[in-house]
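Data block below; observations after.
No value in this document is a laboratory result; all are computed from the given coordinates. All values derive from a computational prediction rather than experimental measurement. No Cβ is skipped: glycine too gets one built from the backbone with ideal geometry, and neighbour counts run over all protein chains shown.
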Amino acid sequence: MMMSESAIGRVHTGRVALVTGAARGIGQAIAVGLAQRGAAIVLADIGDLAETSELISRIGSPATALTLDISDPAAIDEAKARVAAERGHVDILVNNAGLVEAVTWDELDLERWQRVLSVNLTGTMLMCKAFLPLMRGRGWGRVINIASATVASGSLVSIAYRSSKMGVIGLTRALSSTLGPDGITINAVLPSLTRTAMAEKIPESVAATSLARQAIHRMAEPDDIAGVVFMLAADEAGWVTGQSIMASGGHAFGL
């Protein structure tokens, strides 16, 4: 649900935010919300960004749309060159793009494993490697990585996905010490099951079990997760870094 700019406040005016996986779902909600808060937006996705671009154009914030496969280092280098030329810097980097393969351990093969890790973990690393030079040296920055609340539980499916997201948490913690002296915070947001296209791939029985373990008995909406990102991107969150923030509706793992 979009809020009015007057209700939100344009706290990121003059800042540039890059959001991957911005074509729909959580990424779209994050991109639109940051635009409402005054940021110039760089949208990145392997899919069609027309809808998100239209939503941002209605707000009146500038936006750049990049068709980008974050598992492709050469494509990321091209994207970096364009962002550097058009925007000059990046203040907020949200690594949201992800891939899930809902298969059992017996069904999982090396090709599926590598495909998931190349997007979820290596892609996040490549985006940080490419765009942090456009952030460092400015005295302020925010990196927010979208991991998953599912890392805290065992599962018969999505083993590669959960493993990759645990890697994202490790990367987040490791980079916090490197980025701290530059005034840059880096944190991970761990959503529980959220109403997105990716969630449609989750077996109904698995989804039902997950929702039953939550204190709030509903599936998260993209705006629920985006709200946590906005908190971490705020000036007031400057003392929070290297953390993994559960956005799980009170999910009680191990019940």
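If you restrict to DSSP beta bridges whose two residues both lie in the chain, what percentage is antiparallel, to the nearest 5? Don't skip to the end; give the middle numbers.
Working: 1 of 29 bridges.
Bridges in the chain that DSSP calls antiparallel: roughly 5 percent.
Put simply, the Cα atoms of the range 5-239 extend 48, 38, 36 Å along their principal axes, the longest span coming first.
Size of the dipole of the range 5-239 about the Cα centre, Lys and Arg at +1 and Asp and Glu at -1 on the beta carbon, nothing else charged, in debye to 20? Intermediate results must be reported in sequence, preceding the final value.
Values: 21 positive and 24 negative charges, 131 e Å.
The calculation lands at about 620 debye.
The HN-Hα couplings worked out from phi for the range 95-105 by the Karplus form 6.51 cos²θ - 1.76 cosθ + 1.60 (θ = phi - 60°) are 8, 10, 4, x, 9, 10, 10, 7, 10, 6, 4 Hz, whole numbers, x standing for Gly and Pro.
Each of Phe131, Phe230 has some number of other Cβ atoms within 10 Å of its Cβ, and from fewest to most they run Phe230, Phe131.
For the pair Ser163 and Ala234, a Förster radius of 30 Å applied to the C-beta separation gives a FRET efficiency near 0.45, rounded to the nearest 0.05. For the chain, the longest principal axis of the C-alpha atoms and the axis of helix 122-131 are separated by about 10°. Between the alpha-carbon centres of the range 131-175 and the range 70-90 there is a gap of 20 Å. Between amide H atoms placed 1.01 Å from N, distances below 5 Å from Leu93 occur with Leu18, Arg142, Val143, Ile144, all of them 5 or more places distant or on a separate chain. The slack between Arg10 and Ile216, meaning 0.36 nm per residue of separation minus the straight C-alpha distance, is 71.1 nm.
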